[in-house]
Amino acid sequence: MPNTLHALRGPGRHAPPDPARHAFFLDFDGTLVDIAARPSEVVLLPETVDLLKALQRASDGAVAILSGRALAELERLTAQVAPVLAGTHGVEIRRDAGTLTPSFADRRALDTAYRVLDDLARSHGLLLETKPGALALHYRNRPDLAPLCKNAVSEVARKSNLRMIAGNMVCEAMLTGYDKGRALQTLMGEAPFRDRIPVMVGDDTTDEDGFLAAQQLGGIGVSIGRRDSCARLFCPDRYSAMDWLRAGVERSV
Ligand SMILES: O=P(O)(O)OC[C@H]1O[C@H](O[C@H]2O[C@H](CO)[C@@H](O)[C@H](O)[C@H]2O)[C@H](O)[C@@H](O)[C@@H]1O
């Protein structure tokens, strides 16, 4: 159910975060980078790299990116910053560079789902992204096929005991037991996040678990562009969210 949303800007705006007290959990696509036609086309802009580095310095490293992207892909895209990373919606977590948690044991369910979804993707010219722990069927180039894609993913997920999640022009079948909220809770139990107040910023429905987890721990969710959210704060676009974070860093120096 949507909460009373407080804007980050304008009358009644919420104060910027305090990097000395807060821990930062940031979504990637649509939050740190603009949405692109294909996943391979996103660019992490230099000003965002600078902001992330400043946030890391000001918060003693309490910055994590929680993304649906595969960890290896996230590592490549954020190499200049090297934050803590949770990939594939929390299936894979990297604490320090080079340290990977074991991800999952059983690929069989995904292999079966892959065969079905690969056929569908090929026959309709769609992109099927394979990740450790999830298969993402992208229909951005064929929005008219959204119902077909959702039905197909829902069906393979049901048959293979996987979970279906729907995002921005994408529909995924993934391992059960993982989401961004659980990733946030896990990291909040560890240094350097422990004893801080979590702030989760994201633009997509898959960020809702993260907003809820942050708010249950006494923190704040910041929804970018979606008012139909459990997040307590709303901002119209990712640039205002970045400005809000930057104002927090500037306040702390
Ligand atoms: O949790 P996120 O960091 O927001 O990742 C969610 C999905 O992001 C990627 O797909 C989305 O971004 C693409 C590039 O802008 C866009 O083309 C696509 O339509 C979006 O759904 C990524 O490819 C997925 O694996 C992530 O789950």
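Coordinate-derived values only; no laboratory data. In this text the structure is predicted, and so the values were computed from the model without any measurement. Please note: Cβ atoms are built from the backbone with ideal geometry, for glycine as well, and neighbour counts cover all protein chains shown.
Listing for the model above:
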{"quantity": "Only Lys, Arg (+1) and Asp, Glu (-1) charged, at Cβ; segment 135-215 dipole about Cα centre in debye", "calculated": "260 debye"}
{"quantity": "Ordering of 58-71, 153-166 by burial proxy (mean other Cβ atoms within 10 Å per residue, highest first)", "calculated": "58-71, 153-166"}
{"quantity": "Semi-axis lengths, Å, segment 104-174, gyration tensor of Cα atoms, sqrt of 5 times eigenvalues", "calculated": "19, 11, 11"}
{"quantity": "Summed residue charge, Cβ within 13 Å of Met200's Cβ, Lys/Arg positive, Asp/Glu negative", "calculated": "-3"}
{"quantity": "Antiparallel content of DSSP bridges confined to the chain, in %, to 5", "calculated": "50 percent"}
{"quantity": "Calculated FRET efficiency for the pair Val253/Ala72, C-beta based, R₀ 41 Å, to 0.05", "calculated": "0.75"}
{"quantity": "Local net charge near Glu250, Cβ-Cβ under 15 Å (Lys/Arg +1, Asp/Glu -1)", "calculated": "0"}
{"quantity": "Net charge of Cβ neighbours under 10 Å - reference Met174; Lys, Arg +1; Asp, Glu -1", "calculated": "0"}
{"quantity": "Cα-based reach from Lys131 at 20 Å (exclusive), listing lysines while leaving out same-chain residues under 8 positions away", "calculated": "Lys150, Lys159, Lys180"}
{"quantity": "Contour minus Cα-Cα distance for Ala15 and Thr205 (0.36 nm per residue)", "calculated": "65.9 nm"}
{"quantity": "Semi-axis lengths (Å, descending) of the ellipsoid that matches the C-alpha gyration tensor of the chain", "calculated": "31, 19, 17"}
{"quantity": "Extended-chain gain in nm, criterion 0.36 nm per residue less alpha-carbon gap, Arg227 and Ala79", "calculated": "50.1 nm"}
{"quantity": "Potential extension, Asp237-Arg115 segment - 0.36 nm per residue separation minus Cα distance", "calculated": "40.2 nm"}
